[in-house]
Structure formats: C-alpha cells, structure tokens
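The values are calculated or read from the model by the stated rules, or taken from the named source; none is laboratory data. Owing to the predicted nature of the structure, the values given are computational and were not obtained by experimental measurement. Here Cβ is always computed from backbone atoms with ideal geometry, including for glycine, and neighbour counts include all displayed protein chains. Just so you know, the surface numbers come from the protein's heavy atoms only, side chains and all, with ligands and any DNA or RNA stripped out. Shrake-Rupley method; radii C 1.70, N 1.55, O 1.52, S 1.80 Å.
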Amino acid sequence: MNGAPPPLKRIDHIVVLVRDLDSAFATYTQCLGFPVSWQVESKDGWRSSALWLGNASLELLEPSRHSTAGAGAFFQRALDSGGEGLFLVAFEPPDIDYSVRALRNRGAQVADPIASAVFDPNRNDGLRGYRTAFVSRRDTAGLNAFICQYDTPFTPLDGGKGALKVKKLDHVIIATEDLEEAIRLWERNLGLKPDASLNHPLGAGFKVARLPIGDSFLELVQPVAKEGRFYEQFQQRGEGLFSISVEVEDLDEAVAFLRGNDVKVSDPEASIWPGARLARINHEYTHGVSMQLIERSSSASSEHRER
C-alpha cells in the first residue's frame, strides 16, 4: 500500500432525514440563509434537495411512506425510529473500485458499488450518473456511512455563500463510548489517522480526537463525566453521527442574521479548538439537526489547512 492514495478523499455530503422536504428546504434557504446545492428532486422511494456548505452538501431527504422495499423503506424506518436529524455521511473516494478493494483489504465490510443517476440540467441526456457503496457501522464505530463517486464533477446550483456567508463544512462530530477504540477502528479500517499534535483536548465533560480528511475533519467525542449537555444527549442518542460544524466568515454577523429571522441561537463562545469561536443553532429550527457555526481566526485557519 506504499504510495497508494488513502481510500477516503473528502466528505462529499451529509444526509438529513426530514418529514416535510418542502418545509425543510424553505427553512434552510430562507430562514437560515444557506445557499442551494441542488433543488428538490424526486427519486425512487424518496425526494431530496441540498444546501451548499462550500466544500460539501447537506442533503435533506424525505422518504416516501408508500415505499415497502429498497432505500426508500430503509430511510422511512430510520425516520420512524430516530426522528428527523442527521443520518449518514458520504465520503468521496479517489476511485470507488480502488477504494472498495482498499477498504476490504483493511478488513472493512463494504458492499458492492451500486449505480444510479440524478437529474443534471447541464448534461445533454439530463442525467448525471453516480455509484455508491455502503460501509458497515461496525467498521466506523457506529457511524452510518458510504462512499460516493459521480461520473462527472459535481457543481452546486448556487456556489455562493448565502446570507449566512458560509465558508465550508469545518468538521463532523461523531459520538463514541470508547475514544481509543474508535480511533483504532477509523485508522485500521478506513485509513484516517488522528492528529497527534492535539493530544485529546478536554471539553466540558468529554474528550475528543481529530481525524483530518480533505479540508475538514472528523471529531470523535467520548463523554467522561456523567453530567452536562453532551452526556445527556449521548444517553438519549447513543453512538454515531452527533453534530456538524459549519465555518462562517463572521460569527457575530451570522448570529445577528439568524436572530433577525427569529431563529434561536446561542451567544458566541470559545471553542475547544484554538483560535475559534462557535454558536449553536437550536435544533427546533434545523429539523432536528445538531449544528454549530464556527469562526476561526486567520492564523487558526492557516494552521488547520497545513495539518
């Protein structure tokens, strides 16, 4: 494997399950000020649309209640059992066939790639093909994940920053019962190595590790105290995809914009990551998504990119 590229290249998109796609899409674009990645599309068993996060998409997915089999039924069962909110992460591979082989060689359980297509107005045939392959939750310490590759580069419908002035998806927070075991699984099975220079910064009742991927990172979080906001939410939700952090140009301006739209958002506070501040949007305004906005100082952003 010397000289071979890592099997996971970057985070491509994050899937959010919602009950009413039209309402969720309007909320995210109008009230929350996110730019558009793609408009509402109907597929076999579900409908979806997406917001643009600068380097990835946030897909809002509404399963069809009439689906009795396939992906639509799978999404509906998940929505019925877990409610609205974050559901899975899709990673872009350098090449999906190579990555499936590489992940399997590492011992990960990966399904065979499945071909599909989505509407693309920029193509003569009106469709853009893509292939996906799901990864077992046992190999990701409880995270729902798959790899996804398009046959042509993806171009967001609105590549701007929106009223919220989004810069990029900064990181994805994944809750775990055993931080060291989760680090071991991600490095052995998926090839993501922890940033050893951070030495597990301790937060309010939890400890974390940072796994860089592309220009974002995964933040693995384990509760270490049986009290506090994170511990209470961890008890309710368990392991897996917990929250996302979106970098904005100006945190104070973003908070003022949201409050001007009657969106409940916390006051800016210091992040556990050096040179950064964050504010949390109340999940009642995000269709169940636990989301924080983060602002990094110019020096912290440069250090982040170099690692």
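Filter segment 250-262 down to the residues that are open to solvent by 10 Å² or more (accessible area, probe 1.4 Å) and either touching a Cys at 6+ places or on another chain (Cβ under 9 Å) or modelled with pLDDT under 95 (or both) and list them by number.
Hits for segment 250-262 are Asn261, Asp262.
How many residues are more than 27 Å from Arg138 (Cβ to Cβ), open to solvent by 10 Å² or more (accessible area, probe 1.4 Å) and either at pLDDT 95 or above or in a strand (DSSP E or B) (or both) when one looks only at segment 163-211?
Residues that pass the stated criteria total 5.
Please verify whether segment 224-232 includes one or more residues that are surrounded by 15 or more Cβ atoms within 10 Å (Cβ to Cβ), of a type in the set (Phe, Trp, Tyr), in a helix (DSSP H, G or I) and at pLDDT below 95.
Taking every residue of segment 224-232 in turn, at least one turns out to be surrounded by 15 or more Cβ atoms within 10 Å (Cβ to Cβ), of a type in the set (Phe, Trp, Tyr), in a helix (DSSP H, G or I) and at pLDDT below 95.
Does segment 85-92 contain at least one residue that is in a strand (DSSP E or B), out of contact with any Asp or Glu (no Cβ under 8 Å at 6 or more places or on another chain) and aromatic (Phe, Trp, Tyr)?
So the first thing to find is which residues in segment 85-92 are in a strand (DSSP E or B), and the list is 85-92.
Those still in the list that are out of contact with any Asp or Glu (no Cβ under 8 Å at 6 or more places or on another chain) too: 85-89.
Then keep just the ones that are aromatic (Phe, Trp, Tyr); that gives 87.
Checked against the condition, which is being in a strand (DSSP E or B), out of contact with any Asp or Glu (no Cβ under 8 Å at 6 or more places or on another chain) and aromatic (Phe, Trp, Tyr), segment 85-92 yields at least one hit.
Quick check, is Arg280 closer than 29 Å to Ala50 by Cβ and modelled with pLDDT of 90 or more? Lay out the reasoning, then the answer.
Values: closer than 29 Å to Ala50 by Cβ: yes; modelled with pLDDT of 90 or more: yes.
Answer is yes for this residue.
Restricting attention to segment 1-33, report how many residues are open to solvent by 10 Å² or more (accessible area, probe 1.4 Å), farther than 21 Å from Arg131 by Cβ and in contact with a helix residue (DSSP H, G or I) (Cβ under 9 Å, 6 or more places away or on another chain).
4
Quick check on segment 93-119: of everything there that is of a type in the set (A, V, I, L, M) and part of a loop (DSSP other than H, G, I, E, B), which residue is farthest from Pro5 (Cα to Cα)? Please lay out each step first, then the result.
The initial filter retains those residues of segment 93-119 that are of a type in the set (A, V, I, L, M), namely 96, 100, 102-103, 108, 110-111, 114-115, 117-118.
Applying the additional criterion that residues be part of a loop (DSSP other than H, G, I, E, B) yields 108, 111.
Working: Ala108: 17, Ala111: 20 Å.
Top of the filtered list is Ala111.
Mind checking which residues of segment 128-167 are under 15 Å from Leu58 (Cα atoms) and touching an Asp or Glu at 6+ places or on another chain (Cβ under 6 Å)?
Correct list: Cys148, Lys167.
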